[in-house]
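**Q** For reference, the structure I am asking about is given below.
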Amino acid sequence: MMKEIKWNDRFNVGVESIDSAHRKLFSIVGKLIALNADEGKQQHACREGIKYFKSYTMKHFADEEAYMQSINYPDLAIHKSLHDSLRDKTLPALEAEMEANDYSTESVGHFLGICVGWLNGHIMVEDRAITGKNPHKWVHQPDDNELENLEKALSQALESLSQADVDVISRRYSGEEFSTGKTLCFRLTYRTEEKKPIRIYLVYEESLVLHALSEILGKDIHRIDQTVVTAMKLLSEQFVNRLKTHFPLTECGTLERNDMLTFEQFVRTFDKEYPPYSLLLSAEGKGYFAFCAQV
């Protein structure tokens with residue numbers, strides 16, 4: 001179960017209207033975490049609390065964007081695209097999952113995990129960049145055609161692996177902890193003819209791994225062991241190979257290494273700069289999956 005979340009003054013941006021809104025968002029999420037731990041109150045209260053969180057977040061985004069416009073913030077377009085992605089893609093997808101699962105503890109946990117991670121990362125990096133406290137990290141912005149092609153390729157590959165419908169949760173995944181349990185993380189390093197490295201990260205929620213291998217082997221797999229890890233390493237290589245038709249970047253290199261990482265090691269990928277290709281997907285009812293490519 002997710003731990004309590006509290007406001008810390010290190011989140012301050014230095015603009016009172018923005019900081020006040022952020023404190024309010026932390027307060028709302030904190031109450032939702034408590035509600036999700038109380039099964040007697042959970043469904044109705046969480047449903048109403050999440051509606052309020054969404055409504056308040058949209059108002060805050062509009063206010064924050066107006067402030068950025070008033071000071072002629074040079075990276076307004078990038079910042080607004082992050083707001084738009086959460087509003088138009090991530091929150092609707094998470095809401096649909098919760099509705100489909102009657103606001104189960106697990107589905108609300110997915111929602112809260114992603115929102116908490118998004119709030120922490122977005123405030124500490126992108127919002128603090130508004131007042132010059134640090135640079136923003138979304139340096140590279142793939143065009144919409146590239147992202148649409150990648151979404152299509154990832155969805156097809158994940159549907160084949162999971163035998164489930166797939167939704168794209170985010171086009172701007174930034175390392176949020178999305179799993180209510182454990183994950184398996186792999187880093188595949190390719191080397192181009194020009195000796196340039198391309199690093200591709202695949203992160204599977206444990207429930208997705210167990211389901212996929214159970215389907216492939218025709219018997220129930222209940223735990224992650226070395227055999228499962230080895231199988232997923234090989235499946236990960238095949239997964240990337242399936243992307244080549246729609247994501248030519250993967251054609252540019254030869255596989256050099258395939259390393260297993262902890263989730264914490266994977267998150268360090270985002271310390272300096274966010275990968276230009278970074279998506280979060282959900283295989284309906286089976287688990288979450290993240291794909292990142294650092295070029």
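The values are calculated or read from the model by the stated rules, or taken from the named source; none is laboratory data. Source: prediction; values computed, not measured. Here the Cβ is made from the backbone with ideal geometry for all residues, glycine too, and neighbour counts use every protein chain on show. Heavy atoms of the whole protein, side chains included, go into the accessibility calculation; ligands, DNA and RNA do not. Shrake-Rupley method; radii C 1.70, N 1.55, O 1.52, S 1.80 Å.
**Q** Gly30: within 23 Å of Ser104 (Cα to Cα), surrounded by fewer than 18 Cβ atoms within 10 Å (Cβ to Cβ) and not aliphatic (A, V, I, L, M), yes or no?
**A** In short, yes.
**Q** Given segment 116-208, what strands (runs of 3 or more DSSP E) lie entirely inside it while holding 1 or more residues that are open to solvent by 30 Å² or more (accessible area, probe 1.4 Å) and either under 29 Å from Val15 (Cβ atoms) or at pLDDT below 90 (or both)?
**A** Qualifying strands (runs of 3 or more DSSP E): 183-192, 197-205.
**Q** Take the conditions within 25 Å of the chain's Cα centre (by Cα), among the aromatic types (Phe, Trp, Tyr) and under 23 Å from Val166 (Cα atoms) and apply them to Tyr190. Does it pass?
**A** no
**Q** Between residues in segment 118-132 that are within 18 Å of Ser170 (Cβ to Cβ) and residues that are basic (Lys, Arg), which pairs lie under 7 Å by C-beta distance while being six or more apart or on different chains?
**A** Val125/Lys137
**Q** Cβ-Cβ distance below 6 Å, separation of 6 or more or different chains: which pairs start in segment 43-62 with a residue that is in a helix (DSSP H, G or I) and end on one that is open to solvent by less than 70 Å² (accessible area, probe 1.4 Å) and β-branched (Val, Ile, Thr)?
**A** The qualifying pairs are Cys46/Val108; Phe53/Ile28.
**Q** Can you tell which of Tyr67, Tyr73 is aromatic (Phe, Trp, Tyr), open to solvent by 60 Å² or more (accessible area, probe 1.4 Å) and in contact (Cβ under 8 Å) with a residue 12 or more places away in the chain? Before you say what the answer is, go through the steps one by one.
**A** Details: Tyr73 fails: open to solvent by 60 Å² or more (accessible area, probe 1.4 Å).
Selected residue: Tyr67, the only one of Tyr67, Tyr73 that is aromatic (Phe, Trp, Tyr), open to solvent by 60 Å² or more (accessible area, probe 1.4 Å) and in contact (Cβ under 8 Å) with a residue 12 or more places away in the chain.
**Q** For segment 79-98, does any single residue satisfy the condition of being over 17 Å from the mean Cα position of the chain (by Cα), buried (at least 18 other Cβ atoms within 10 Å of the Cβ) and in contact (Cβ under 8 Å) with a residue 60 or more places away in the chain?
**A** No, that holds for no residue.
**Q** Of the residues that sit in segment 63-106 and are acidic (Asp, Glu) and not in a helix (DSSP H, G or I), which one is nearest to Pro142 (Cα to Cα)?
**A** Asp75
**Q** In addition: In segment 2-19, how many are farther than 18 Å from Leu94 by Cα and either open to solvent by 50 Å² or more (accessible area, probe 1.4 Å) or modelled with pLDDT under 75 (or both)?
**A** 11
**Q** Scanning segment 46-88 for residues that are among the aliphatic types (A, V, I, L, M) and touching a Phe, Trp or Tyr at 6+ places or on another chain (Cβ under 9 Å), which turns out nearest to Lys6 (Cα to Cα)?
**A** Residue satisfying both the conditions and the ranking: Ile50.
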